[in-house]
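The values are calculated or read from the model by the stated rules, or taken from the named source; none is laboratory data. Keep in mind that this is a model prediction, so the values were computed, not measured. For neighbour counting, all protein chains shown are included, and Cβ atoms are generated from backbone atoms with ideal geometry for every residue, glycine included. To get the accessible areas, we keep the full protein, side chains included, count just its heavy atoms, and leave off ligands, DNA and RNA. Shrake-Rupley method; radii C 1.70, N 1.55, O 1.52, S 1.80 Å.
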Amino acid sequence: MGVAVSNWRLANAVARAGQLGVVSGSMLDTVLVRRLQDGDPGGHMRRGIAAFPVPEVGDEILRRYYNPGGRAAGAPYKNLPMYKQRVSDARQRVTVLANFVEVWLAKQGHDAPIGLNLLTKVQMPNLASLYGAMLAGVDAVIMGAGIPREIPGVLDAFADHQAAQLKFDIEGLPPGETEYLTFDPASCLSPAIHSRSLKRPAFIAIVSAASLAATLARKSNGRVDGFIVEGPTAGGHNAPPRGSVQLNERGEPMYGDRDVVDLAKLRELGLPFWLAGGFGSPEGLTAAIACGAAGVQVGTLFAYCAESGLAPELKAHVLQSVVDGSASIRTDPRASPTGYPFKVVELPGEAARAAARGRVCDLGYLRVPVRSPDGRTLYRCSAEPVGAYFAKGGDVADTIGRRCLCNGLTASIGQPQSRPATNDIEISLITSGDDLRAVASFAAARPGYTAEHVVRYLCR
Ligand SMILES: Cc1cc2nc3c(=O)[nH]c(=O)nc-3n(C[C@H](O)[C@H](O)[C@H](O)COP(=O)(O)O)c2cc1C
């Protein structure tokens, strides 16, 4: 659960309770440098950094970003340069280190496996993220939001510290031309990094159709170890409905029979699978097992537990607002610049706050590369200022209703950017699954519940 909702603490707690704890790798580089600028309370980032195998990498990043006293009230965070196809080694090292630290911390004090979740579509930081997580011994990589066919081969290459590449999806690239993203551990970090090979993590693809699972099983460039089958009630991004999209009276995409995953076809692939989206209950787990699943992936119930990265005051506010009926979940087909439906927790005043936010794009993880008529690669996001998007050849219609997920999601984990020039502070954007009402009842019966409570409840 990004961004840093399933952080190292939550993944660690889930693992200690005997299940696979998953850290979100989304935007971890920004999360790390913001934790450092906030003074690294508890010293956890510095503990993880001290364990990194190339000490100069940590020294460099601490020098640049660590502020022992924290930021002055209202001072803005120093941002990292936004990702592009080619960025400096120094920029890549922040991503490697951030993923290393999160996985390393998640793995302390127990022997259970830890996974890393990335979004295929985000593309540019993914190679450095995977390598950093593998340096920390990540046990599973879980990826959806796209077709991650080339990731298994990347994991094989990184296990031997070999350079790896991914085809870089650029809109408008002339036919016959191919561009790549590349990452070479030796040149980015140190030639000495080759000393011992790394564990090749299991690769689990997130799918919303058996046909996609079959394609991935047969046509990936390496071993696929299983699937998460995620339905449209899950928190975060959802796959769009198949065929032409109809909206209901709340403007949400409507799903039908064609969107029901053919589990018989999936079973034929002979690989383990886990069901996700509304399975966060003992009954959900029993039903999943009865369908042949190896288990379930649960998000929303963990997002509101004590260890999750959501800001504590937001957790309480959302749960209370759900109970008193003033908040609801909406599957918003427009909010996410990715173009995928995205579930937004609509709190009182949400729409007005979103409309009042001045558009700024300064984190840029969802920027899409486009080839301009003069042959340059430009980067644009449909949530950026409309004029800038248009100047890069974007259609103004694409900008309508878009929300800045990068700034909104980081605000919701307690790292909102301050904008002194306009006297603003970024507003939070919270996502959850359709089951939020059940989560609110669960929480009401167990105030301050922990990840261990959730695991015990699910496995009872
Ligand atoms: C706050 C939140 C953030 C999420 N972020 C991601 C993400 O970054 N990547 C991803 O693959 N799934 C993400 N998900 C989906 C979860 O991994 C999981 O599949 C889903 O929540 C399961 O359904 P449930 O919410 O009904 O338990 C997110 C879910 C939540 C609630």
Condition broken by I114, with the remaining ones in (1) open to solvent by 10 Å² or more (accessible area, probe 1.4 Å); (2) modelled with pLDDT of 95 or more; (3) more than 22 Å from S88 (Cβ to Cβ) satisfied: (1)
What tally of residues in the stretch 316-330 results from selecting those that are within 16 Å of the ligand (Cβ to nearest atom), surrounded by fewer than 17 Cβ atoms within 10 Å (Cβ to Cβ) and among the hydrophobic types (A, V, I, L, M, F, W, C)? 1
Are any of the residues in the stretch 166-173 assigned to a loop (DSSP other than H, G, I, E, B), within 16 Å of the ligand (Cβ to nearest atom) and either out of contact with any Lys or Arg (no Cβ under 6 Å at 6 or more places or on another chain) or not aromatic (F, W, Y) (or both)? no
Considering only the stretch 348-387, state which residues are more than 16 Å from L405 (Cα to Cα) and in a loop (DSSP other than H, G, I, E, B). P348, G349, S372, P373, D374, G375, R376
Determine which single condition G433 fails, assuming it passes every other condition in (1) in a helix (DSSP H, G or I); (2) under 30 Å from G278 (Cβ atoms); (3) not β-branched (V, I, T). (1)
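What number of residues in the stretch 338-358 are aliphatic (A, V, I, L, M) and within 17 Å of S412 (Cα to Cα)? Quick ask: steps written out before the conclusion?
As a first pass, look at the stretch 338-358 and keep what is aliphatic (A, V, I, L, M): 344-345, 347, 351-352, 354-356.
Subsequent filtering for residues that are within 17 Å of S412 (Cα to Cα) retains 344-345, 347, 351, 354.
Of the residues in that region, 5 qualify.
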Which one of A438, A354 is within 16 Å of the ligand (Cβ to nearest atom), open to solvent by 20 Å² or more (accessible area, probe 1.4 Å) and not aromatic (F, W, Y)? A438
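Against the definition (more than 30 Å from R456 (Cβ to Cβ), in contact with a helix residue (DSSP H, G or I) (Cβ under 6 Å, 6 or more places away or on another chain), open to solvent by 60 Å² or more (accessible area, probe 1.4 Å) and part of a loop (DSSP other than H, G, I, E, B)), how does R242 come out, yes or no? So that I can check it myself, show each step before the final result.
On the way: more than 30 Å from R456 (Cβ to Cβ): yes; in contact with a helix residue (DSSP H, G or I) (Cβ under 6 Å, 6 or more places away or on another chain): yes; open to solvent by 60 Å² or more (accessible area, probe 1.4 Å): yes; part of a loop (DSSP other than H, G, I, E, B): yes.
Judged against the criteria, R242 is a match.
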Sort out which residues of the stretch 78-91 are within 20 Å of Q37 (Cβ to Cβ) and in a helix (DSSP H, G or I), and write them in order of number. A90, R91
Give the residue, chosen from E307, E313, that is assigned to a helix (DSSP H, G or I) and either in contact with a Cys (Cβ under 6 Å, 6 or more places away or on another chain) or away from the ligand (no atom under 11 Å from the Cβ) (or both). E313
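When only residues in the stretch 275-297 that are open to solvent by 30 Å² or more (accessible area, probe 1.4 Å) and near the ligand (Cβ under 9 Å from one of its atoms) count, which is nearest to L429 (Cα to Cα)? Before the answer, list the steps.
So in the stretch 275-297, the residues open to solvent by 30 Å² or more (accessible area, probe 1.4 Å) come out as 278-279, 283, 285-287, 289-292, 294, 296-297.
Cutting the leftovers down to near the ligand (Cβ under 9 Å from one of its atoms) gives us 278-279, 296-297.
Numbers: G278: 21, F279: 23, V296: 26, Q297: 22 Å.
The qualifying residue nearest to L429 (Cα to Cα) is G278.
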Would you confirm whether or not the stretch 405-420 contains a residue that is open to solvent by 40 Å² or more (accessible area, probe 1.4 Å), over 22 Å from V23 (Cβ atoms), out of contact with any Pro (no Cβ under 8 Å at 6 or more places or on another chain) and not in a strand (DSSP E or B)? no
Among (1) hydrophobic (A, V, I, L, M, F, W, C); (2) within 12 Å of the ligand (Cβ to nearest atom); (3) over 27 Å from V31 (Cβ atoms), the one test that I400 misses: (2)
Within the group A73, A50, which residue is modelled with pLDDT under 95 and open to solvent by 70 Å² or more (accessible area, probe 1.4 Å)? A73
